[in-house]
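To start, the structure under review is shown below, and the notes come after it.
The values are calculated or read from the model by the stated rules, or taken from the named source; none is laboratory data. All of these numbers come straight from a predicted model, not from anything done at the bench. Heads up, the Cβs are rebuilt from the backbone with ideal geometry, glycines too, and the neighbour counts pull from every protein chain shown.
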Amino acid sequence: METVSTGVIEWAVAELVLPGQTESGDRYLVTPAPDGVLVAVVDGLGHGADAAEAAKAAVRSLERHAQEPIITLIKSCHQSLAGTRGVVMSVAALDARAETMTWVGVGNVEGVLLRAQASVSPRRESLLLRGGVVGGRLPALLAAILPMMRGDALILATDGVRSNFALANFAHGESPQQLADRILAEWGTKTDDALVLVARYLGGAP
């Protein structure tokens with residue numbers, strides 16, 4: 001796919017289906033939210049059709065409740081996934097009016113925020129992941145709120161991507177699609193479904 005712009009972010013996805021499977025259990029969502037945009041990456045437990053069905057159900061729930069506060073959103077998703085094998089997910093709500101990002105992670109979908117400006121410290125922030133399963137054992141949820149500046153890049157990646165990608169030095173001149181493709185190519189395990197979403201904050205009210 002090509003890099004897509006919503007006015008608040010420009011974003012892109014790179015993904016790989018586990019060889020031998022016809023459908024990925026990794027899914028994503030980018031959709032309008034109050035004063036900005038909601039970004040999510042979801043990984044259905046395991047792989048194959050059952051994982052894909054759980055992930056698709058999670059994305060439908062997130063989209064349906066995208067106007068709700070982020071904790072409420074995940075709790076609604078948890079209820080809607082009863083009877084499925086469940087998912088892990090990381091979700092970020094970017095508010096262009098307040099110039100903030102609120103993010104939450106349940107399970108092992110890695111989240112990293114790369115700062116565009118060299119004067120900002122730290123230059124990268126990592127999402128605090130809480131162990132658990134949405135649709136199974138939901139942990140106590142704690143959202144973190146970070147200030148956002150134009151050019152900051154959010155990366156969300158499923159466990160089909162080695163987590164040490166977060167330690168690499170990335171060139172800020174790369175487009176979201178170039179960055180997503182490179183992370184998948186260089187850090188993808190090729191032993192599981194894999195998905196990388198990169199969203200660069202453009203700033204300004206929607």
* Selection from the range 125-147 of residues that are within 16 Å of the chain's Cα centre (by Cα) and either over 30 Å from Ala57 (Cα atoms) or without any contact (Cβ under 8 Å) to a residue 24 or more places away in the chain (or both) -> Glu125, Leu128
* For the range 35-60, what are the residues that are under 19 Å from Ala143 (Cα atoms) and not aliphatic (A, V, I, L, M)? -> Asp35, Gly36
* To do: Report, ordered by the first and then the second residue, all pairs with beta carbons closer than 8 Å, sequence separation of six or more or different chains, a first member in the range 5-16 that is touching a residue at least 12 places away in the same chain (Cβ under 8 Å), and a second member that is assigned to a loop (DSSP other than H, G, I, E, B) and among the charged types (D, E, K, R).
  => Ala12/Glu2; Glu15/Asp193; Leu16/Lys190; Leu16/Asp193
* Report yes if some residue within the range 138-151 is modelled with pLDDT of 95 or more and within 24 Å of Thr22 (Cα to Cα); otherwise report no. => no
* **Hits in the range 112-145 (condition: farther than 16 Å from Leu73 by Cβ and part of a strand (DSSP E or B))** => Val112, Leu113, Leu114, Arg124, Glu125, Ser126, Leu129
* Meets criteria (surrounded by fewer than 18 Cβ atoms within 10 Å (Cβ to Cβ) and either over 14 Å from the mean Cα position of the chain (by Cα) or touching a residue at least 12 places away in the same chain (Cβ under 8 Å) (or both)) for Ala82 -> yes
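For every residue, the table says whether it meets (1) buried (at least 24 other Cβ atoms within 10 Å of the Cβ); (2) of a type in the set (Val, Ile, Thr).
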{"residue": "Thr22", "(1), (2)": "no, yes"}
{"residue": "Asp50", "(1), (2)": "no, no"}
{"residue": "Ala58", "(1), (2)": "yes, no"}
{"residue": "Glu68", "(1), (2)": "no, no"}
{"residue": "Met89", "(1), (2)": "yes, no"}
{"residue": "Ala92", "(1), (2)": "yes, no"}
{"residue": "Arg97", "(1), (2)": "no, no"}
* Among Ala194, Ala157, Ala168, Ala180, which is the only one that is aliphatic (A, V, I, L, M) and either more than 26 Å from Gln21 (Cβ to Cβ) or surrounded by fewer than 24 Cβ atoms within 10 Å (Cβ to Cβ) (or both)? -> Ala168
* Quick one: what pairs do we get from the range 36-54, first residue more than 17 Å from Tyr201 (Cα to Cα), second of a type in the set (S, T, N, Q) and not in a strand (DSSP E or B), C-beta under 6 Å, 6+ apart or different chains? -> Asp43/Thr158; His47/Gln21; Gly48/Gln21; Ala54/Thr84
* Asked: Taking the range 155-206, which residues are aromatic (Phe, Trp, Tyr) and in contact with a Pro (Cβ under 7 Å, 6 or more places away or on another chain)?
  -> none
* Asked: For the range 145-154, which residues satisfy the criterion of being of a type outside the set (D, E, K, R) and either farther than 21 Å from Met101 by Cβ or surrounded by 15 or more Cβ atoms within 10 Å (Cβ to Cβ) (or both)?
  -> Leu146, Met148, Ala153, Leu154
* To do: Check whether at least one residue in the range 19-32 is closer than 25 Å to Gly203 by Cα and either of a type in the set (S, T, N, Q) or at pLDDT below 95 (or both), and report yes or no.
  => yes
* **Residues of the range 148-192 classified as under 16 Å from the mean Cα position of the chain (by Cα), part of a helix (DSSP H, G or I) and either farther than 22 Å from Leu38 by Cα or hydrophobic (A, V, I, L, M, F, W, C) (or both), total** => 7
